[in-house]
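Enquirer: Here you go, one structure.
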Amino acid sequence: QVQLVESGGGWVQAGDSLRLSCVLSGGIFSNYAMGWFRQAPGKEREFVAAISWSPGSTVYAVSVKGRFTISRDDAKNTVVLQMNSLKPEDTAVYYCAAQYDEVAVWRDYEYDYWGQGTQVAVSS
C-alpha cells in the first residue's frame, strides 16, 4: 500500500521560506506524478503545484508561481516544495498527493494517494 508522509511545516513570518518534503513508500516513486495541495480554514482544498515523471515538467497555481518550486528526487522517493516569500494567505494545511500516471495535473480527483498533511502558518 502506497503511503505518503509530509514534513517541514511550521510557523514563520511573512517573507520567510519553508521547505516541505514528502516521502512515498510502498510503491515505485518514479511511476507517479506528484502534486501539492493546500486547504485553509473554512476554504476548499486548492491546487498548489505538480510535477510529472522525471525529468519532471511542472505546473503551478497562479498564486504561487514565481515563489514556490516543486522538485523530485527519484533516488530518495521524495518530492519537495520550496516555498519562498511566504505570505499570510499561504497559511494552510499542505497535502502531498501521488498519481499513478506520467503527466502532472491540477485536478485533485485524479490523484490516487494522499498524505496526512503538514501545517504551514505565516504571520504578518
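The values are calculated or read from the model by the stated rules, or taken from the named source; none is laboratory data. Just so we're clear, the structure is a prediction, and the values are computed from it rather than from any experiment. We place every Cβ from the backbone using ideal geometry, glycine too, and count neighbours over all the protein chains shown. Side chains included, ligands, DNA and RNA excluded: accessible areas come from the protein's heavy atoms. Shrake-Rupley method; radii C 1.70, N 1.55, O 1.52, S 1.80 Å.
Enquirer: Report the residue count in segment 1-13 for those that are open to solvent by 50 Å² or more (accessible area, probe 1.4 Å), out of contact with any Gly (no Cβ under 9 Å at 6 or more places or on another chain) and hydrophobic (A, V, I, L, M, F, W, C).
Expert: Of the residues in segment 1-13, 1 are open to solvent by 50 Å² or more (accessible area, probe 1.4 Å), out of contact with any Gly (no Cβ under 9 Å at 6 or more places or on another chain) and hydrophobic (A, V, I, L, M, F, W, C).
Enquirer: Cβ-Cβ distance below 7 Å, separation of 6 or more or different chains: which pairs start in segment 106-124 with a residue that is over 19 Å from V5 (Cα atoms) and of a type in the set (F, W, Y) and end on one that is part of a strand (DSSP E or B) and modelled with pLDDT of 95 or more?
Expert: W106/F47; W106/A50; W106/V59
Enquirer: What about P41, is it open to solvent by 20 Å² or more (accessible area, probe 1.4 Å), within 23 Å of V103 (Cα to Cα) and at pLDDT below 95?
Expert: Judged against the criteria, P41 is not a match.
Enquirer: Let me ask something additional. Name every residue in segment 93-117 that is in a strand (DSSP E or B), over 10 Å from the mean Cα position of the chain (by Cα) and more than 18 Å from F29 (Cβ to Cβ), in order of residue number.
Expert: Of everything in segment 93-117, just one residue is in a strand (DSSP E or B), over 10 Å from the mean Cα position of the chain (by Cα) and more than 18 Å from F29 (Cβ to Cβ), namely V93.
Enquirer: A follow-up question, please. In segment 68-124, what count of residues is obtained for those that are at pLDDT below 95, touching a strand residue (DSSP E or B) at 6+ places or on another chain (Cβ under 7 Å) and among the charged types (D, E, K, R)?
Expert: 4
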